[in-house]
1. From the list Ser333, Ser388, Ser368, pick out the single residue that is surrounded by 15 or more Cβ atoms within 10 Å (Cβ to Cβ) and in contact with an Asp or Glu (Cβ under 6 Å, 6 or more places away or on another chain).
2. Would a scan of segment 74-81 turn up a residue that is more than 21 Å from the chain's Cα centre (by Cα) and in a loop (DSSP other than H, G, I, E, B)?
3. Report yes if some residue within segment 466-473 is among the aliphatic types (A, V, I, L, M), farther than 21 Å from Gly345 by Cα and in contact with a strand residue (DSSP E or B) (Cβ under 9 Å, 6 or more places away or on another chain); otherwise report no.
4. Asn166 versus (1) over 27 Å from the mean Cα position of the chain (by Cα); (2) touching a residue at least 40 places away in the same chain (Cβ under 8 Å): which is the lone unmet condition?
5. I need a count of the residues in segment 353-406 that are free of Cβ contacts under 8 Å to residues at least 24 places away in the same chain and not in a helix (DSSP H, G or I).
6. Identify, by number, the condition in (1) buried (at least 18 other Cβ atoms within 10 Å of the Cβ); (2) modelled with pLDDT of 90 or more that Glu80 doesn't meet.
7. Which pairs have Cβ atoms under 6 Å, sit 6 or more apart or on different chains, and link a residue in segment 494-505 that is of a type in the set (Val, Ile, Thr) to one that is modelled with pLDDT of 90 or more?
8. Scan segment 309-344 for residues that are within 25 Å of Pro285 (Cβ to Cβ) and among the aliphatic types (A, V, I, L, M) and jot them down.
Amino acid sequence: MSILFGIYEQDEGNIYINGEKVRFQSAKDAQRYKIGMVHQHFKLVDNYSVLQNVILGSEPVISKSFTFINKKQAIKKLNELIKKYNFNLNIYDKVQNLTVGQQQKVEILKLLYRDSDILIFDEPTAVLSDDEIKSFLDMIKDFKSSGKTIIIITHKLNEIKEVADNCTVIRHGKVVDKFLTKDTTIEKMAEAMVGRSLKNISNQSSINFENNETIVEIKNLPLALMSNPSVKFSKNKIISDLYAKIRISERINKIKEWWYKLLVGMKFDKFMYLKKPEELDFTLPTINLKIRAGEILAIAGVEGNGQSQLVEYVSGLRKSPENTIVYNNKDSSFKSIKWRYKFGGLSFVPEDRHKHGLFLDDSVMFNSVSNQMYDNSYNNYGFIATNSIKNHALNVINEFDVRGVGSIDDSVRGLSGGNQQKLIIGREINKNSKFIIFTQPTRGLDVGAIEYIHSRILQAKEEGKAILLVSYELDEILALADTIAVMSKNQIVGIGPRKEMTRNKIGLLMAHGGSKNTDQDNKEGVVS
């Protein structure tokens, strides 16, 4: 698809568009033939607005003589497209403030703004919630009915079955089969993808881990007040004492009293009803969780409800208030992610592999041990043990089927997203760790790789490792978890063992956030 979109130039073979033989040397060439592509990793400028991102590179000008941007024309066309396709977007919002689903809509708007007729989508639903996936598939059907040609690269076979007319299976860079989707089954397509029949991997363990050692404990973490990444915590700052030594509720009560007196003093009570401070409901939700040895605790929920922030605090990407994150009975709230790797027994598969998982311009070999250089296996009194690292890299590549590696000295940037993910998982899961965080572990992987990764996660559980699994794939959570917690609006709204947390119950909690019309079984020590 990168060749069809003009990112790479073909070495051999031919491309025909509407019967015309073409050869693209750049994406601009492809755009002239009305070809557009939404990449798996979005190509957006975070601090630009929706409008600026959409018109970037295709800015309308007032005239050929004066190269001033004709914003009125761009705004009119963009608003018409947003209205036509019912996109819930404000063209002046910064991209960095949008959800992943909204960012994808911005990418699609870029294609529609350029009047693209051939639309290529690379793993389009990998980071979308169930509701966003349904909305996306409905939109694809609308595009199809309007006469556009759609090419979707995906490993989600149920989505292929729902929207595609034809399916081509590529394995190891070669076409291995073609199907009319109406005449085939998901099982046949899956078998063609991996070259064998698949096993049903799920957590069948009946081991009682209730009395096992608590590896990680999250205590009174006020996530709702800490979602702003600009908030910093330090032992030397007053804000640490504010959280650690003074009850926040006392401060809130004083604020309520102050506001009440102010409004009464301004005679607001003459024409509106004011609740007295004691009548106001201002409870401060905090997160309390325990993860025990041999337990898989899964976090379910619609993306953007605090899961990413929770993982950042637990992993050490962000510091948290004192005594809120405890590793092996030691307060780790102010400890760096390096300390947690080295002394806390942490392995971490991050949500954003490019930002937190890899050094993209470094080699595959180095990235296979990038957070383990303190290990004596890979350094000898400060000198890099090249042979040990090389052997380790080759083991990870072979064991986890990391494809596209010509040499272990090649840049990891050249690997596909799925193979980058397999490299990270191989690096983290093989460490001698006590606690593993998996965030979206199988995003962008094919069904064969998903089967293998799931089996390795369950193997890690059997080895007694504590596992925190954050996934937006409900099927994945139901297949692997021992305990399922549901997050909504930066708090835990429900938790229970897998056998009690049905798909319907989880869906209701995700939709209603633990309101009265859902089962509010807040367990002791979970929500306070």
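The values are calculated or read from the model by the stated rules, or taken from the named source; none is laboratory data. In this text, all values refer to a predicted model and were calculated from it rather than measured experimentally. For neighbour counting, all protein chains shown are included, and Cβ atoms are generated from backbone atoms with ideal geometry for every residue, glycine included.
1. None of the other options fit; the residue is Ser333.
2. So far as segment 74-81 goes, no, none of its residues is more than 21 Å from the chain's Cα centre (by Cα) and in a loop (DSSP other than H, G, I, E, B).
3. For segment 466-473, residues among the aliphatic types (A, V, I, L, M), farther than 21 Å from Gly345 by Cα and in contact with a strand residue (DSSP E or B) (Cβ under 9 Å, 6 or more places away or on another chain): absent.
4. Evaluating Asn166 over (1) over 27 Å from the mean Cα position of the chain (by Cα); (2) touching a residue at least 40 places away in the same chain (Cβ under 8 Å) leaves (2) as the failure.
5. Residues meeting the conditions: 14.
6. Result: Glu80 fails condition (1) only.
7. Close Cβ pairs (under 6 Å, with a partner that is modelled with pLDDT of 90 or more) amount to Ile495/Ala485.
8. Answer for segment 309-344, where residues must be within 25 Å of Pro285 (Cβ to Cβ) and among the aliphatic types (A, V, I, L, M): Leu310, Val311, Val314, Leu317, Ile325, Val326.
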